[in-house]
Amino acid sequence: MNELKIKTEISAVPRKEISSVVIRFAGDSGDGIQITGSRFTDTTALAGNDLATFPDFPAEIRAPVGTTFGVSAFQINFGSRRIETAGDDPDVLVALNPAALMVNLARLKPGGMIIVDSGTFSDRNLKKAGYLANPLEDGSLSAYSVVDIDITKHVLESVKEFGLTQKEGLRCKNFWVLGLVYWIYGRDRSDTIDWLRRKFAKRPEIADANIAALNAGHIFGEASEVSGLTHLYTIPAAEMPHGLYRTVTGGEALAWGLVAGAELANLKIFFGSYPITPASPVLHTLAKMKQFGVKTFQAEDEIAAVCSAIGASYAGSLGITSSSGPGIALKGEAIGLAISTELPLIIVNSQRAGPSTGMPTKTEQSDLYQAVYGRNGDAPVVVLAAHGPSDCFDVAIEACRLATKYMTPVMLLTDGYIGNAAEPWLIPSVADRTPFPIRFETNPEGFAPFNRNPETLARQWAVPGTPGLEHRIGGIEKEDGSGNISYEPANHQRMTDLRRDKILNIANDIPEQTVESGESSGALAVVGWGSTYGPISRAVDNKLAEGKKVSHIHLRHIWPLPRNLGDLLRGFDKVIVPEMNDGQLKTVLRDQYLIDAQPLTKVTGQPFKISEIERAIDAALEN
Amino acid sequence: MNIAVTKEKMKPTDFASDQEVRWCPGCGDYAILKAVQRTLPDLDTPKENYVFVSGIGCSSRFPYYMSTYGFHTIHGRAPAFATGIKIANPELDVWMVTGDGDGFSIGGNHMLHVLRRNVDLQILLCNNEIYGLTKGQYSPTSEVGLRTPSSPDGSVDTPLKPLVFTLGAGARFAARAYDTQKTLPEVLKRAHAHKGTSLVEILQNCIVYNDAVFDNVLARDVAAEKQLHVEHGKPLIFGAEKNKGIRLNARTLTLEAVTIGENGVTEEDILVHDETNRSLATLIAAMDGHDLPMAFGVIYCDPAPTYEAGIEAKLDAAKASGTPSLDALLRQGHTWQA
């Protein structure tokens with residue numbers, strides 16, 4: 001029955017063409033907001049728009065219904081132009097209950113559109129959300145364009161024929177809303193319908209009900225065009241480099257990059273991990289890649305996770321572990337052992353707000369000190385940082401290259417925002433990448449476990465099972481070359497120097513630092529790392545368009561730093577460092593180059609807004 | 001293919017490294033090292049496939065004295081390293097050496113999980129009921145009341161029984177021996193033959209900080225009365241006259257020592273050792289040399305599939321659909337052309 005109506009589609013009503021829009025879906029954590037967001041993301045990507053997303057959800061799996069702390073949100077910025085961030089302030093807020101409105105209204109642009117489910121605005125829910133009066137009735141929303149629909153009633157009506165319970169019926173609400181939003185932006189529903197059919201293949205009645213709700217929301221839009229409930233929009237496809245695209249989250253890109261890197265190194269992956277928010281998606285993705293020989297091991301704790309990975313590297317696999325800040329803290333001693341025994345190891349840190357448990361589902365970049373300095377002894381490792389979801393792929397490959405070439409732990413920093421956010425990705429070809437196959441030592445002639453490659457200073461990698469190369473390694477200081485235990489004073493000095501120089505020498509094997517936009521010297525450099533890429537890039541581009549003298553520099557290599565970075569930064573009158581921490585990269589830059597890098601810090605658990613960085617640029621240029 | 005056959009048989013000294021052994025003179029670890037070096041030539045593992053993994057402590061220096069592959073890791077974590085090694089390459093023959101502090105205090109969590117997972121390893125637990133390397137503090141297996149620098153007026157910690165823990169964790173092999181036991185290599189061979197985690201508790205004398213702590217069981221004059229050497233299918237008989245045995249008190253579900261020929265006790269009443277019986281093994285493992293003799297030998301052996309075999313089977317199943325291509329995987333699902 002509803003199939004017929006799908007064909008009616010976009011009528012003659014004129015649609016306003018816009019270049020981008022930011023929508024924030026918000027509702028109770030049981031409302032399926034993240035699913036709504038990811039379905040909207042796929043449909044938007046298939047329509048050819050560029051996009052960036054920001055899933056913003058609570059740590060509680062099912063918080064009490066209707067509470068403000070149970071509100072889950074998903075923000076998407078999409079358009080016909082290049083999209084760098086999930087958007088500062090939404091143009092549209094979809095609020096499926098009063099709590100969602102309460103929590104998210106302050107973000108909405110003045111004059112923005114609010115789509116609310118008035119069916120949830122009962123006295124009880126209003127009270128739970130902290131409203132003294134109903135905002136739909138007291139005029140407090142007069143500055144916005146409010147589309148006020150009893151969605152609860154409509155969705156139950158639309159799924160009546162499927163014999164669902166009231167509870168099951170209400171679970172279709174997110175698809176009803178999605179149908180309405182698709183109508184507003186002229187989007188095709190077929191991808192979402194296909195997804196529902198696949199997802200609920202074993203429960204076709206659930207698929208049918210959700211599809212009916214999706215269609216009903218759409219039809220409601222069609223019918224209401226007469227009443228002028230809302231404007232209709234169209235957002236043309238974005239100009240993107242040619243090629244085949246897909247959407248990708250940081251967690252997926254990272255996992256795939258690790259598999260690609262291991263393939264290029266001609267090694268098998270051993271991934272030892274312990275579940276932790278927000279790092280677990282990497283484990284989940286790799287657990288589904290057994291056909292590539294990937295061995296995943298869910299260890300009993302963070303320490304066992306890293307230790308098993310080091311054991312696997314010792315045995316000739318590429319050992320990888322993954323966690324978030326608190327877990328990385330637990331791994332510290334074992335990372336020191338990997339440094340001391342000079343074994344390859346990749347440690348992925350999906351950073352979250354700290355210290356301690358902090359705010360597990362909220363993003364932060366406050367583990368830079370921990371990555372660079374956070375171990376006992378003089379214990380240098382390589383530190384890399386991904387700047388966005390798709391960048392995780394390339395950074396993961398770089399981590400594999402450096403870990404195996406230099407026989408060293410590599411800390412790969414990403415964060416909760418990057419891990420969960422999605423963006424369109426020009427799919428790379430692994431077959432076209434240059435392989436970097438490792439070479440296991442097999443020749444007993446003159447073998448000693450700590451014999452080194454004179455250029456890289458990396459020791460030989462001789463794995464158990466190789467005849468004639470039996471040797472012992474461990475965390476006690478060892479004599480260079482033989483690896484025998486040594487407490488000899490000059491030897492410890494020498495080994496400490498070697499471990500340091502081996503890592504610093506990597507600066508000669510990584511690209512020189514480039515400038516993302518703006519001149520390579522001038523009045524002001526904005527230096528970022530990690531997931532601040534989007535807002536910094538947009539802010540600097542906007543200021544360049546205004547004729548301001550500002551440049552954007554974004555670091556992938558945090559340790560060692562690129563060899564030309566000091567000279568590059570000294571070419572600017574001022575340097576500001578926006579970071580989602582209390583000023584950590586700023587301190588490293590001051591320490592390394594004695595430059596007056598100024599911090600721009602934000603630790604609210606939310607990404608920087610473009611406008612915040614623009615203001616900082618203006619302020620720096622004025623003074 | 002017959003290289004191994006034509007090879008001359010290895011000798012114990014072939015497994016000694018060139019490093020000077022630095023345990024205290026008279027330490028029980030020397031005897032354990034010798035027993036292991038006597039055991040390996042009789043096994044069919046190529047030398048290059050042996051890996052000795054340890055944590056931190058006196059006994060954890062073990063790998064340095066073997067001429068095999070060895071990894072001296074960090075305190076308490078040897079089970080996790082060993083697990084990673086074995087999963088990465090199931091062909092390797094992995095031996096873990098640990099102590100009562102390393103294995104059951106700082107590493108208790110890892111010990112629990114390696115035992116329940118049943119990774120194919122031999123775990124040699126050198127139990128000396130003391131912290132040796134940190135100079136003599138009480139350990140989780142020390143008796144209540146032990147006076148040490150950290151318990152000057154006597155420890156109040158209830159000791160842990162390693163083999164009861166081992167069986168409680170779901171391990172499929174548990175054995176006990178003592179450092180100077182002549183038949184220690186036989187017990188080690190049984191542990192090696194068992195596919196899965198095989199834990200051998202070895203009572204090890206610390207001559208400096210806890211000397212003669214096991215004398216109540218091991219001293220020559222009490223040995224016959226205080227030691228029960230178990231054998232599968234044989235009655236649990238002990239005593240100088242071989243006339244004492246272990247009987248089950250069915251009412252209290254406890255074991256009791258009885259003398260054959262006294263109070264109407266006959267050989268029929270004596271329990272027969274069944275190393276595949278976990279309930280019986282748990283009762284036997286708990287006998288501590290006080291009221292009942294302490295059991296030595298293979299107390300429990302009932303093989304089950306190993307952890308790494310389970311992982312390999314999953315991988316094989318996933319690979320059955322053909323050679324995968326990452327490039328193909330990245331192009332699966334929703335894609336579009338720009």
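Bear in mind that the values in this text are calculations on the coordinates, not laboratory data. Note that the structure is a prediction, hence the values are computed from the model and not measured. As a convention, Cβ positions derive from the backbone with ideal geometry for all residues, glycine included, and neighbour counts pool all protein chains shown.
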| task | Using +1 at the Cβ of each Lys and Arg and -1 at the Cβ of each Asp and Glu in the protein assembly as shown, identify which of A:L621, A:I18, B:I237 lies farthest towards the dipole's positive end. | result | A:I18
| query | Along region B:49-62, what does the Karplus equation 6.51 cos²θ - 1.76 cosθ + 1.60 (θ = phi - 60°) give for ³J(HN,Hα), rounded to whole Hz, x for Gly and Pro? | reply | 8, 6, 10, 9, 10, 9, x, 10, x, 4, 5, 6, 6, 2
| request: Relative to the compact-globule scaling 2.2 N^0.38 Å, provide the ratio for the alpha-carbon radius of gyration of chain B. | output: 1.13
| query | Which value, in nm² and rounded to one decimal, describes the direction-averaged projected area of the C-alpha convex hull of region B:125-257? | reply | 10.2
| task | Calculate, in whole percent, how much of the Cα-Cα pair population of region A:441-509 lies beyond 21 Å. | result | 29
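Report, in debye and to the nearest 20, how large the dipole of chain A comes out about its Cα centre when Lys and Arg carry +1 and Asp and Glu carry -1 on their Cβ. Intermediate results must be reported in sequence, preceding the final value.
Working: 60 positive and 72 negative charges, 176 e Å.
So the magnitude is around 840 debye.
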| What spacing in nm lies between the two simple spin-label points modelled at B:K135 and B:S151, each 7 Å away from Cα in the Cβ direction? | 2.0
| note | Quick calc of log₁₀ I(q)/I(0), region A:95-146, Debye, one scatterer on every Cα, no solvent, q values 0.22, 0.27 1/Å, result -0.76, -1.15
| message | What distance in nm lies between label points placed 7 Å from Cα along the C-beta direction at B:N109 and B:V272? | response | 4.5
| Viscosity 0.692 mPa s, temperature 37 °C: Stokes-Einstein D of the protein assembly as shown from its Kirkwood Cα radius, in µm² per second? | 104
| Using Cα pairs under 8 angstrom and six or more residues apart, how large is the relative contact order of region B:52-147, in percent? | 27
| request: Kindly list the residues of region B:169-197 that lie in the label zone of B:A223, defined by a backbone N under 17 Å from the point 7 Å along the Cα-to-C-beta vector. | output: B:176-187
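What do you get for chymotrypsin sites (Phe, Trp or Tyr not before Pro) in region A:451-550 restricted to DSSP loop and a cutoff of at most 15 other Cβ within 10 Å of the site's Cβ?
On the way: sites: A:W461, A:Y487, A:W529, A:Y533; in loops: A:W461, A:Y487.
Answer by residue number: A:Y487.
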| note | From fewest to most C-beta neighbours within 10 Å, the residues A:M102, B:M10 line up as B:M10, A:M102
| query | Counting other Cβ atoms within 10 Å, which GluC sites (Glu not before Pro) in region A:495-585 have at most 15 and lie in a DSSP loop? | reply | A:E512, A:E519, A:E546
| request: Per residue of B:320-330, count partner chain C-beta atoms within 10 Å of its C-beta, then hand back the mean as an integer. | output: 5
| query | Helix A:250-265: angle to the longest alpha-carbon principal axis of chain A, degrees 0 to 90, nearest 10? | reply | 30
| query | What's the angle, to the nearest 10 degrees (0 to 90), between helix B:184-193's Cα axis and the longest principal axis of chain B? | reply | 40
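For region B:235-338, compute Rh as the Kirkwood radius over C-alpha pairs and then the Stokes-Einstein diffusion coefficient at 4 °C and 1.567 mPa s; write the answer in µm²/s, rounded to an integer. Before the final figure, lay out the partial values.
Values: Rh = 18.4 Å.
So the translational diffusion coefficient is about 70 µm²/s.
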| request: Could you run the Karplus curve 6.51 cos²θ - 1.76 cosθ + 1.60 with θ = phi - 60° over region A:125-135 and give me ³J(HN,Hα) per residue in whole Hz, x for Gly and Pro? | output: 5, 4, 5, 4, 7, x, 8, 8, 9, 6, x
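Give me A:T341, A:T165, A:T466 ranked fewest to most by other Cβ atoms within 10 Å of their Cβ, as a rough exposure proxy. Don't jump to the answer; show the numbers that get you there.
Working: A:T341 23, A:T165 8, A:T466 20.
Final ranking by Cβ density, sparse to dense: A:T165, A:T466, A:T341.
Name the chymotrypsin sites (Phe, Trp or Tyr not before Pro) in region B:236-328 that are in a loop by DSSP and that have at most 12 other C-beta atoms within 10 Å, would you? It would help to have the intermediate numbers written out before the result.
Working: sites: B:F238, B:F296, B:Y300, B:Y307; in loops: none.
Answer in residue order: no site qualifies.
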| said: With the crude spin-label approximation of a point 7 Å out along Cα→Cβ, what separation in nm comes out for B:D14 versus B:A338? | reply: 6.4
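How far, in nm, would the chain grow between B:V21 and B:T45 when pulled straight, counting 0.36 nm per residue and subtracting the alpha carbon separation?
Working: separation 24, 0.36 × 24 = 8.64 nm, distance 2.46 nm.
My answer for the length gained is 6.2 nm.
Stokes-Einstein D for region A:16-234 at 10 °C, 1.306 mPa s, Kirkwood Rh over Cα pairs, in µm²/s?
92
Nearest 5 is fine: what % of DSSP beta bridges in the protein assembly as shown come out antiparallel, could you say?
Looking only at bridges with both residues in the protein assembly as shown, the antiparallel portion is about 35 percent.
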| request: Could you pull out which residues in region A:251-265 have an amide N less than 11 Å from a spot 7 Å beyond the Cα of A:K288, following the Cα-Cβ vector? | output: A:252
| query | For chain B, which span is the longest to avoid every loop-located (per DSSP) member of trypsin sites (Lys or Arg not before Pro) having at most 16 other Cβ atoms inside 10 Å? | reply | B:23-134
| So how far, in whole Å, is the C-alpha centre of region B:25-50 from the one of region A:568-623? | 60
| task | Would you mind giving the mean number of other chain beta-carbons within 10 Å of the Cβ of each residue in A:424-430, as a whole number? | result | 3
| request: Could you work out how far helix A:489-504 tilts from the main Cα principal axis of chain A, as a 0 to 90 degree angle to the nearest 10? | output: 40
| remark: The residues A:T43, B:T335, sorted from fewest to most surrounding Cβ atoms within 10 Å, come out as B:T335, A:T43
| query | What FRET efficiency, computed as 1/(1 + (r/R0)^6) with R0 = 35 Å and r the Cβ-Cβ distance, is obtained for A:L498 and B:K319, rounded to the nearest 0.05? | reply | 0.30
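Which whole number gives the average, over all residues in A:483-495, of C-beta atoms from other chains lying within 10 Å of the residue C-beta?
Values: counts 0, 4, 5, 0, 0, 0, 0, 0, 0, 0, 0, 0, 0.
Mean partner shielding for this stretch: 1.
Does region A:515-622 come out rounded, prolate or oblate, given a ≥ b ≥ c as the square roots of the eigenvalues of its C-alpha gyration tensor, rounded meaning a/c under 1.5 and, failing that, prolate meaning a/b above b/c?
oblate
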| Can you run phi through the Karplus equation (6.51, -1.76, 1.60; θ = phi - 60°) for region A:155-160 and list ³J(HN,Hα) in whole Hz, with x for Gly and Pro? | 5, 5, 4, 6, 10, 3
| request: Sticking to Cα atoms, compute the Rg of region A:246-432 to one decimal and its Dmax as the biggest Cα-Cα distance, whole number, in Å. | output: 14.6, 44
